[in-house]
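Asks: First, the structure itself, so that you have it in front of you.
Coordinate-derived values only; no laboratory data. These figures come from a predicted structure and were not determined experimentally. Because the Cβ atoms are built from the backbone with ideal geometry, glycine has one as well, and the counts that use them run over all protein chains shown.
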Amino acid sequence: MKFHASIDDTEHGQDIASLWRWVIADPDLRDISVRREVRAQEVGRMNGSFDAIVAVTSQAIAFGNLLLAYVTWRAAVRGARESGVTVAIEIDGRLVELSGLSDQQIQNLVSGLQGRERIE
C-alpha cells in the first residue's frame with residue numbers, strides 16, 4: 001500500500017513541510033517506510049524544500065495509522081488555511097485521492113483496511 005502526498009506550487013509549500021514533520025514525529029508510524037522526494041528546481045521558479053512525501057507499507061494496521069495521522073494533520077491545518085497538498089493512496093493497484101474525501105470517509109477506509117468492514 002502506498003501513500004503519496006504532493007505539492008505542485010510554492011504557495012502551499014509550508015503545508016507539505018508541516019505534513020512531513022507531522023508524519024515523522026508520530027510514534028505509531030515508526031514501522032512505515034517514509035521518504036521525501038525532491039523535484040529539481042525549475043529555472044525562474046522557486047520550489048519549496050521538497051515536493052512529495054511517499055510512504056509504503058504492507059501492513060494494513062500501520063497504513064490505517066498513517067491515514068488517521070493525515071486526517072488529524074488536515075484538521076489541525078484547516079483552521080489556518082485550506083491545504084494545497086494533494087494526497088492519494090494506492091491499494092492493490094487502485095488509486096484513491098483522499099484530498100476530496102471527508103474525514104468520516106477516510107475513517108471508514110481505515111476501518112476497512114483494519115478488517116472492521118469491507119472497502120467499497
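Asks: Given 0.36 nm per residue, what is the gain on full extension from GLN59 to GLU37 after removing their alpha carbon distance, in nm?
Replies: Result: 5.7 nm gained on full extension.
Asks: Now for a separate question. Subtract the Cα-Cα distance of ARG21 and ILE91 from 0.36 nm times their separation in residues, and report this length gain in nm to one decimal.
Replies: Full extension of this stretch gives 22.8 nm more.
Asks: What nm value, rounded to one decimal, do you get for the distance between GLN105 and THR72 when each label is placed 7 Å out toward the C-beta?
Replies: It is 2.3 nm.
Asks: How charged is the neighbourhood of ALA17? Take every other residue with its Cβ under 12 Å from the Cβ of ALA17, and add Lys/Arg as +1 and Asp/Glu as -1.
Replies: 0
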